[in-house]
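Asker: The structure follows.
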Amino acid sequence: MKIALLQLNLTIGDFEGNLKKILMSAEKAAAAGAQLAVTSELAITGYPPRDYLLDQYFIKRTLGSAQELAERLQGKIQVLAGLPIENSGEGRPLFNAAALLQNRGIVKIFKKSLLPTYDVFDEDRYFEPSPGDDILEIGGEKIGITICEDIWNDKDFWKRPRYHLDPVAHLVEKGAKAVLNLSASPFTVGKQKIRESMISQLSAKHKMPIFYVNQVGGNDDLIFDGRSMGFDSSGKLMARGKGFEEDLIIVEIPVRLGIVSEDDSTPEAEIWKALVIGTHDYVKKCGFSTVLLGLSGGIDSSLTACIGAEAVGSENVLGVLMPSPYSSRGSIEDSLKLAHNLGIKTLTIPIEEAMKSYEKILREPFANYAADVTEENIQARIRGNLLMALSNKFHSMLLTTGNKSELAVGYCTLYGDMSGGLAVISDVPKTTIYAISHWYNAWKNKEVIPESIFEKPPSAELRPNQTDQDTLPPYDLLDEILKNVIELHASEEDLLHKGYSSDIVRKVTSMIKQAEFKRKQAAPGLKVTDRAFGSGWRMPVAAKIQQAIPLI
């Protein structure tokens, strides 16, 4: 029996578009001889629909779309499609489910058992869990149906399973001879290796094939990498879909070797592909066709420009140079050279006159105060205003260029360089920005990002001879500490035990806490690490946290 895994890029709430994609892919699967086509999790609505699930009309449209899909399939192939289904009993109003579409109707419903409520997930807000004994009998085979999290709780793989129930083991007890998993598993760097190892071990443990279909594409801060897979009963990878692209993967029972797409899992390649598809989808799904960004001659804006050009086409990118009296000639020349190498348009708007206007307006109220960071912030806010004006006038999405290291410690200006519609690299640490930029030039086999940009000390150029390290620790040290605090939840005591100095630890952890109000007002960013400053980051702004390291 042939089963088709429909790896599709779906849009939240686009019922017509999603239906069309599923239908076209299912018809291709039928033409290839498949008896069953399987979508990703909540494919009818697009994932994650979040609070649209509280809208009764949205739920009604979902069911209507599933029924329409069943009609339009005309019995050519059975389709197992992910969607929310109303709960007529006690508990939460919905089930996260999959509907078997057959003979122009919905013939059976399969429900998700394990509901994640960590990081970016909040499914307990909407869904009621199911006991998880859903078996599909088709083509003489008994196939257990699971949805995403249901396969992530094997006690022999995880040191500390999150849930008491193991749906896969339960399905095996019910007689399942294979497992299908409908997923919407967000990308983070390195996660695919864990997925493959986990599913391989699960297949070998239960001596049965497991088929996993994942969504692909970007929806808001989340990026989905696809890479749908099939494993045989020994745990061997027998099929894998493309990464970060739509695909149709045909698998078989009994399992035979299919197409195993090549997959570059190096961190630089993974993050690059994720940021490109995430940017493309966010821009397009929000109704934009062009982007613009400020070009400073630094590594962050350079990489962001490269991502933008790859995502929407170089002809649709505008780089804006806004030199001040403190901007070096090298920064301007580097920006223009980068733009030429990428083939993007540029616009130069000097800001010296605007700076003088602000100085004149504020001369009286600032008469008894020395110049400080206030004047530096005014420069950044002048640039932010100009960029937003261009964005409004040209109906072009403004890409912000700040990285994760800066956002973590507040080395950024509200309503200045933080202004924009999408913070493309806001989950990428500074040291990783350099690594990806070097990788990018090697991948292109030419010097797109000028070597002089790599060589210069990082600087905001808001005052004479300024460098980032006037304010921050060296980035290699800063990024180590930030990873420990943000992703590994290390305390100040943990950092001291690791050998970091108390002065550096106190400074960095204090800056992280003090910058929370800025992050709450930042543009949406693209998640590529285990913990990003997005929908999974839930820290209070107004809080009094006792310093573990006493101030001397």
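Every read-out reported here was derived from the displayed coordinates using simple, explicitly stated rules and does not represent laboratory data. Keep in mind that this is a model prediction, so the values were computed, not measured. For neighbour counting, all protein chains shown are included, and Cβ atoms are generated from backbone atoms with ideal geometry for every residue, glycine included.
Asker: Given +1 on the Cβ of Lys and Arg, -1 on the Cβ of Asp and Glu, and no further charges, what dipole in debye does the range 2-258 carry about its Cα centre, rounded to the nearest 20?
Answerer: Details: 32 positive and 34 negative charges, 160 e Å.
For the range 2-258, the charge dipole is close to 760 debye.
Asker: Calculate one ³J(HN,Hα) per residue across the range 206-213 by plugging θ = phi - 60° into the Karplus curve 6.51 cos²θ - 1.76 cosθ + 1.60, and present them in order as whole Hz with x for glycine and proline.
Answerer: For the range 206-213, the Karplus curve yields 9, 6, 8, x, 10, 10, 10, 10 Hz.
Asker: Using the Cα centre of the chain as origin and beta-carbon charges of +1 (Lys, Arg) and -1 (Asp, Glu), tell me which of F224, P267, I361 is placed farthest towards the positive end of the dipole.
Answerer: Value computed over the given set: F224.
Asker: Then there is this: Using Cα-Cα distances under 8 Å and only pairs 6 or more residues apart, what relative contact order does the chain have, in percent?
Answerer: Numbers: 1112 pairs, mean separation 62.3, N = 552.
This gives 11 percent for the chain.
Asker: For the range 121-224, with the dipole built from +1 on Lys and Arg beta-carbon atoms and -1 on Asp and Glu ones, taken about the Cα centre, which of N214, S197, L180 lies farthest toward the positive end?
Answerer: Ranked along the dipole, the leading option is S197.
Asker: Over the range 124-210, what is the relative contact order in percent, taking alpha-carbon pairs closer than 8 angstrom and at least six residues apart? Don't jump to the answer; show the numbers that get you there.
Answerer: On the way: 97 pairs, mean separation 26.6, N = 87.
Contact order relative to length: 31 percent.
Asker: Students often forget the sequence filter, so: which aspartates and glutamates lie under 17 Å Cα-Cα from K76 once same-chain residues fewer than 8 apart are removed?
Answerer: Hits, sequence-local ones excluded: E27, E68.
Asker: Mind checking the range 169-254 for trypsin sites (Lys or Arg not before Pro) that DSSP puts in a loop (not H, G, I, E or B) and that have at most 14 other Cβ atoms within 10 Å? Walk me through the numbers on the way to the answer.
Answerer: Details: sites: K174, K177, K191, K193, R195, K205, K207, R227, K236, R240, K242; in loops: K174, K177, K207, R227, K236, K242.
Listed in order of number, the matching sites are K174, K207, K236.
Asker: Take every DSSP beta bridge with both residues inside the chain and express the antiparallel ones as a percent of the total, to the nearest 5.
Answerer: Values: 36 of 67 bridges.
Here the antiparallel bridges make up roughly 55 percent for the chain.
Asker: So, in Å, what gap is there between the alpha-carbon centers of the range 273-334 and the range 197-262?
Answerer: Going from one Cα centre to the other spans 34 Å.
Asker: Right, next: Which pairs break 28 Å Cα to Cα here: K285/K518; K155/K513; K2/K207; K2/K444; K112/K273; K20/K177?
Answerer: Numbers: K285/K518 26 Å; K155/K513 36 Å; K2/K207 19 Å; K2/K444 39 Å; K112/K273 30 Å; K20/K177 32 Å.
Beyond 28 Å: K155/K513; K2/K444; K112/K273; K20/K177.
Asker: Same structure, new question: Using just the C-alpha positions of the range 421-552 as equal point scatterers, what log10 of I(q)/I(0) does the Debye formula give at each q in 0.09, 0.10, 0.21 1/Å?
Answerer: Taking Cα atoms of the range 421-552 as identical point scatterers yields -0.33, -0.41, -1.45.
Asker: What FRET efficiency, computed as 1/(1 + (r/R0)^6) with R0 = 56 Å and r the Cβ-Cβ distance, is obtained for D55 and S328, rounded to the nearest 0.05?
Answerer: On the way: r = 53 Å, r/R0 = 0.94.
Given R0 = 56 Å and the Cβ-Cβ separation, E is 0.60.
Asker: For the pair R160 and T471, how long in nm is the line joining their label points, each one 7 Å along Cα→Cβ?
Answerer: Roughly 3.7 nm, to one decimal.
Asker: Amide H to amide H under 5 Å from T400: which residues, 5+ apart in sequence or cross-chain, H placed 1.01 Å off N in plane?
Answerer: Amide H neighbours of T400, under 5 Å, 5+ apart: G421, L422, A423, V424.
Asker: What is the packing order of peptides 526-536, 483-493, taking the mean over residues of other C-beta atoms within 10 Å and listing the highest first? Please report the intermediate quantities before stating the final value.
Answerer: Numbers: 526-536: 21.5, 483-493: 15.4.
The most tightly packed comes first, giving 526-536, 483-493.
Asker: Would you kindly derive the ³J(HN,Hα) couplings of the range 153-162 from the backbone phi angles with the Karplus curve 6.51 cos²θ - 1.76 cosθ + 1.60 (θ = phi - 60°), listing them in order in whole Hz, with x for Gly and Pro?
Answerer: With coefficients 6.51, -1.76 and 1.60, one gets 9, 6, 5, 7, 9, 9, 5, 9, x, 7 Hz.
Asker: Apply the Karplus curve 6.51 cos²θ - 1.76 cosθ + 1.60, θ = phi - 60°, to the phi angles in the range 244-249 and return the couplings in whole Hz, x for Gly and Pro.
Answerer: 6, 9, 5, 7, 10, 10
Asker: Please arrange D124, D468 by how many other C-beta atoms lie within 10 Å of their C-beta, fewest to most. Numbers along the way, then the final one.
Answerer: On the way: D124 12, D468 19.
The order, fewest Cβ neighbours first, is D124, D468.
Asker: Please compute the alpha carbon radius of gyration of the chain, then divide it by the globular-protein estimate 2.2 N^0.38 Å. Two decimals is fine.
Answerer: Numbers: Rg = 25.6 Å, N = 552, 2.2 N^0.38 = 24.2 Å.
The reported ratio for this selection is 1.06.
Asker: With contacts defined as alpha carbon pairs under 8 Å and 6 or more residues apart, what's the relative contact order of the range 2-258 in percent? Each step should come with its number before you reach the end.
Answerer: Details: 608 pairs, mean separation 49.7, N = 257.
Once normalised by length, the contact order is 19 percent.
Asker: What does the charge count around A29 come to, taking other residues whose C-beta lies under 10 Å from its C-beta (Lys +1, Arg +1, Asp -1, Glu -1)? Let's see the in-between values first.
Answerer: On the way: positive: K2, K28, K76; negative: E27.
Net of charged neighbours comes to +2.
Asker: Could you list the chymotrypsin sites (Phe, Trp or Tyr not before Pro) in the range 57-150 that lie in coil according to DSSP, counting only those with at most 15 other Cβ atoms within 10 Å of their Cβ? The partial results should precede the final answer.
Answerer: Details: sites: Y57, F58, F95, F110, Y118, F121, Y126, F127; in loops: Y118, F121, Y126.
The qualifying sites are Y118.
Asker: Compute the orientation-averaged projected area for the range 2-258 from the convex hull of its Cα atoms and round it to one decimal in nm². Display every interim value, and only then the final one.
Answerer: Working: hull surface 48.9 nm².
Projected area, direction-averaged: 12.2 nm².
Asker: Applying 1/(1 + (r/R0)^6) with R0 = 22 Å to the Cβ-Cβ distance of V373 and E516, what FRET efficiency is obtained, to the nearest 0.05? List each step's numbers first, then the result.
Answerer: Values: r = 19 Å, r/R0 = 0.84.
My answer for the efficiency is 0.75.
Asker: Quick check for me: using +1 on Lys/Arg Cβ and -1 on Asp/Glu Cβ, what's the dipole size of the range 388-545 about its Cα centre, in debye to the nearest 20?
Answerer: Values: 19 positive and 19 negative charges, 125 e Å.
About 600 debye.
Asker: Further question: Starting from the amide H of K108, placed 1.01 Å from N in the peptide plane, find each other amide H under 5 Å away whose residue is 5 or more places distant or on another chain.
Answerer: L100
Asker: Near the amide H of T290, under 5 Å away, which other amide H atoms are found, from residues 5 or more places off or on another chain, if H is placed in the peptide plane?
Answerer: M397
Asker: Ordered by packing density, taken as the mean number of other Cβ atoms within 10 Å over each peptide's residues, highest first, how do 31-40, 64-73 rank? If you can, show how the numbers build up before the last one.
Answerer: Values: 31-40: 22.4, 64-73: 18.4.
Order by mean packing, descending: 31-40, 64-73.
Asker: Could you check the simple spin-label distance between E71 and K207, using points 7 Å along Cα→Cβ, in nm with one decimal?
Answerer: The modelled label-to-label distance comes out at 4.8 nm.
Asker: Restricting the count to DSSP beta bridges whose residues both fall in the range 2-258, what percent are antiparallel, rounded to a multiple of 5? Show your work: numbers first, answer last.
Answerer: Working: 36 of 53 bridges.
Beta bridges within the range 2-258, antiparallel portion: roughly 70 percent.
Asker: All other residues with a Cβ under 12 Å from the Cβ of E141 taken together, and with Lys, Arg as +1 and Asp, Glu as -1, what is their net charge? Provide the component values of the computation, followed by the final result.
Answerer: Details: positive: K2, K142, K177; negative: E137, E252.
With Lys, Arg at +1 and Asp, Glu at -1, the neighbours total +1.
Asker: Quick check for me: using +1 on Lys/Arg Cβ and -1 on Asp/Glu Cβ, what's the dipole size of the chain about its Cα centre, in debye to the nearest 20?
Answerer: Working: 62 positive and 71 negative charges, 177 e Å.
So the dipole magnitude of the chain works out to roughly 840 debye.
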